[in-house]
Structures are given as C-alpha cells and as structure tokens.
Amino acid sequence: MAGDVDADIVLDEPDVLAFRDITPQAPTHVLVIPKAHHRDIAALTAADPAGAATLMAAAARVAAAEELVDGFRVVLNTGSDGGQSVFHVHAHVLGGRPLAWPPG
C-alpha cells in the first residue's frame, strides 16, 4: 500500500513527492515523482503537459533546497532500453560533486 515504506521525504506537495534514493549514485540523489500515475515521461507529457512542467519545477526546487549551487543533473529514464526499472515516471536529481558523462 502507498505510504507504507519509510522514506526520507525531501518535498511533499499536492501533485509531487520527492525522497532520497535508497541506492544513491551521487552525494545528493533525490527522486521526484508525480502523485498521479503515468508510466514514463512520454506518457506524462502526452496526457498532462502541465504535469510535466510541475515535475521539472519540483526538481528545480529540490536542487535549490539541497543547495546544489554548483550544478546538478535531472535524469528521466524512459522504457527498458532507456534504463527505466520502475514504471511510474520519476526524475532523478543528482548533485553534490562534479558528475562525469558518460557515467562510470
């Protein structure tokens, strides 16, 4: 049932929730999710373009709250080939150190 798992909540707003990733890939790694279900960012933008904007604005607020003043990355994996493993759209906010690209 939703809400049954303990999470380190960073942001809780009417339309979005943000919490720390349990397997962080950077010193700051926060997941930002819309409360309405959409499979991925493509589905969200098709069904609710304003919801996609809300998701990105929330990611920016998370980065500001986490004081990622030197920069951050927002990642949205879409589909299995895109690395998506949880099929509810979510943005990863990563920062806290210089992030190399490609990763690894």
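The values are calculated or read from the model by the stated rules, or taken from the named source; none is laboratory data. Here the structure is a predicted model, which means the values were calculated and not measured. Cβ sites come from the backbone with ideal geometry, for glycine too, and all protein chains shown count toward neighbours.
Side notes on the structure shown:
- Of all residues assigned to region 90-104, at least one qualifies as being surrounded by 11 or more Cβ atoms within 10 Å (Cβ to Cβ), touching a helix residue (DSSP H, G or I) at 6+ places or on another chain (Cβ under 6 Å) and either modelled with pLDDT of 90 or more or aliphatic (A, V, I, L, M) (or both).
- Residue that is surrounded by the most Cβ atoms within 10 Å (Cβ to Cβ), among those in region 4-40 that are over 23 Å from Val69 (Cβ atoms) and among the acidic types (Asp, Glu): Asp40
- Selection of region 12-34 for residues being at pLDDT 95 or above and among the hydroxyl-bearing types (Ser, Thr, Tyr) yields only Thr28.
- Members of region 1-40 found to be outside any loop (DSSP other than H, G, I, E, B), touching a helix residue (DSSP H, G or I) at 6+ places or on another chain (Cβ under 7 Å) and under 17 Å from Asn77 (Cα atoms), listed by number: Ala18, Val30, Val32, Pro34
- Of the listed requirements (1) surrounded by 16 or more Cβ atoms within 10 Å (Cβ to Cβ); (2) among the basic types (Lys, Arg); (3) part of a loop (DSSP other than H, G, I, E, B), Arg61 misses just one: (3).
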